[in-house]
Amino acid sequence: MSPTPDAESVPPESSSGEATPEVRPTEALLQDLLGLEKAQNESLAALLTVSQAMISSLELDTILNTLAQQVRRVIQVDECTVFLVDQDAGVLRPAACDVKSYRDEIMALRLRIGEGITGIVAETGRGEIVNGAESDPRAMTVPNTPDEESSLLVVPLFARERVIGVITLVRIGTDRRYFVAGDLDVATLFAAQASAAITNARMYEQVKASYDELRATQNQLVQSAKLNALGEMAGGVAHDFNNILAAILGRTQLLLGDTADSELRRQLQVIEQAALDGASTVRRVQEFTRLRQDEHFEKLSISQVLADVVEFTQPAWLSDAKKRGVNVEVRLVCDARLPLAGNASELREVFTNLVLNALDAMPWGGLILISSQDDGDAVVVRVRDTGLGMDAETQARIFDPFFTTKPVKGTGLGLSVAYGIVTRHHGHITVESQPGLGTEFVLRFPTSRNETAHNPTPTSGDELSIPPLRILVVDDEEAVLEVLADMLRHRGQEVRVAVGGEAGLAEFQRWRPQVVFSDLGMPEVNGWDVAKRVKSQAPETPVVLVTGWGSQLEEGSAQARGVDVIMAKPFSLSDVAGTLREVGGMIGRASRAA
């Protein structure tokens, strides 16, 4: 804008009374031209800065903040605010602000479309200059700021011929310069650049969100594939391994019942515990493969589960930490009220594992924050620590089986088991972490499933006392066959054995037992075949399926194929006794009904 002529530049009148043409000194003209060129260079430099910001960054906040700073500097205003339209709420929200004061008040402002001069420009799509805003009835004052004389320049931002926001410029004070048409032109150029930048940034955000969602889904699929592959391997190993454990555990318990020698009993108890630990290891591998179907869920309070976990782990985070000379605080904030459908014991195992992992990650002490809250039809639990944190590579593998960052005592199964348990509860578990900034596990469980508690059929008094039964035991593994037969005889039963399914069916025809115990995995004639043939000839005869895949079989499906009871390998004397009570009850009820 050319400077206003001063008094010395008014042309003198001629003697005839006519004004003579003004003749300005060359130096003054040069100064005007230099000033104009400087202003244009500043505008172009600012436009270039904004363009470079668009090219070098697709982050919307970066682009808008750069825009606000450059517009304010070039047009020389006191305040520059970039508003964006929130289509869902139908309001304008400040997205970037470069001001001298009252920034928080301006950023808290919400304008309806058509409200104030800024809202009117958003509604009409036409830029405006208002040099006396204090006297314009359309203008409004930002709440909690003083009334001041001001000039406004407002230009719209467009995307596909639709207003997506506005840029509002303000000059304040009685000695302010008024806005002119040239200012509006420059601001419009900036608005055009900003509109393109906002469109590109929003497209980038949409693509990035879609990519992140796709990557998360892919990670879940990869994790599922890993666990399924391990599950197939575990299924094959479990059968053979459980056969071995069944023979060891059964023989050991029989010997324990027959000896009074204290030293021998101690040695046998060591063997018994080793067999039980081996059986537990197999079950844990099966758990995180998601192959288990024996889920009997009940309604429970996640707050109670978390409270139990804090109490159970107290010796580790309180006493042990003090022994190491460090301070660990565990803070529990339970706001969730919705009930979960789940297995309390398994969920306690998940959260206990997370708390102990957090302790390992805080060798110098710190805070473990456990919180729960309702979120629609789900319950969200967060376990956060202030420990060492993890890098991206570790986070990507944290749920992999046998992956561990603990070279001495880690097995790499803890979080894999947790993943399997959470998935079996139809939930999701994710982790967020940064090196040096701690780790947060987020677990989300649905509450809408109508699961009911599994309540075993009550055992009446007459079922506890079981008379001797004729029992046929069928298995292709002679070691397992003989130990099960001996355990049944130990309970006072009359037992015959058959090696393999075909021999078992032949013995069934000859002897007509009252109960059949049959292995599942046998060549040629398997356990399903035995159950089908037995039921076709004697529907009232209970069939017990004895298998190393017990936890992977669904009871309803097994019953539809002629199996009344599933007894998992390895079995203990108490397992055998419980199964006898169950089949004895079936026979008793059938006799009473007859």
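The values are calculated or read from the model by the stated rules, or taken from the named source; none is laboratory data. All values derive from a computational prediction rather than experimental measurement. Because the Cβ atoms are built from the backbone with ideal geometry, glycine has one as well, and the counts that use them run over all protein chains shown.
In the stretch 496-549, the qualifying residues are those that are more than 19 Å from Ala568 (Cα to Cα) and small (Gly, Ala, Ser), and the one that is surrounded by the most Cβ atoms within 10 Å (Cβ to Cβ) is Gly504. Looking only at the stretch 132-172, residues that are in contact with a strand residue (DSSP E or B) (Cβ under 7 Å, 6 or more places away or on another chain) and among the basic types (Lys, Arg) come to 1 in all.
The residue of the stretch 112-138 that is surrounded by the fewest Cβ atoms within 10 Å (Cβ to Cβ), among those that are among the aliphatic types (A, V, I, L, M) and closer than 22 Å to Ala89 by Cα, is Ile113.
Residues that are surrounded by 14 or more Cβ atoms within 10 Å (Cβ to Cβ), under 18 Å from Pro446 (Cβ atoms), in contact with a helix residue (DSSP H, G or I) (Cβ under 7 Å, 6 or more places away or on another chain) and of a type in the set (A, V, I, L, M) are absent from the stretch 356-377 altogether. Candidates are the residues of the stretch 90-107 that are without any contact (Cβ under 8 Å) to a residue 12 or more places away in the chain and out of contact with any Cys (no Cβ under 7 Å at 6 or more places or on another chain); the one that is surrounded by the most Cβ atoms within 10 Å (Cβ to Cβ) is Ser101.
When you scan the stretch 240-257, do you find a residue that is surrounded by 17 or more Cβ atoms within 10 Å (Cβ to Cβ) and modelled with pLDDT under 75, even just one? No, because not a single residue in the stretch 240-257 is surrounded by 17 or more Cβ atoms within 10 Å (Cβ to Cβ) and modelled with pLDDT under 75.
Quick one: which residue in Arg202, Arg215 is out of contact with any strand residue (DSSP E or B) (no Cβ under 6 Å at 6 or more places or on another chain), surrounded by fewer than 19 Cβ atoms within 10 Å (Cβ to Cβ) and closer than 18 Å to Asp86 by Cβ?
Details: Arg215 fails: closer than 18 Å to Asp86 by Cβ.
On inspection, the qualifying residue turns out to be Arg202.
Here the condition is being outside any loop (DSSP other than H, G, I, E, B) and at pLDDT below 90; of Gly521, Gly562, Gly556, it holds for Gly556 alone.
Filter the stretch 70-88 down to the residues that are under 18 Å from Ala159 (Cβ atoms) and not aromatic (Phe, Trp, Tyr), then identify the one that is surrounded by the fewest Cβ atoms within 10 Å (Cβ to Cβ). So the residue we want is Asp88. In the stretch 390-432, of all residues being more than 17 Å from Val282 (Cβ to Cβ) and hydroxyl-bearing (Ser, Thr, Tyr), the one that is modelled with the highest pLDDT corresponds to Thr430.
Quick check, is Phe445 modelled with pLDDT of 90 or more and in contact with a Gly (Cβ under 6 Å, 6 or more places away or on another chain)? Reasoning before the result, please.
Values: modelled with pLDDT of 90 or more: yes; in contact with a Gly (Cβ under 6 Å, 6 or more places away or on another chain): yes.
So Phe445 passes the test.
Scan the stretch 467-478 and tell me whether some residue there is modelled with pLDDT of 80 or more, assigned by TED's automatic domain parsing to the domain that holds Gly250 and part of a helix (DSSP H, G or I). For the stretch 467-478, residues modelled with pLDDT of 80 or more, assigned by TED's automatic domain parsing to the domain that holds Gly250 and part of a helix (DSSP H, G or I): present.
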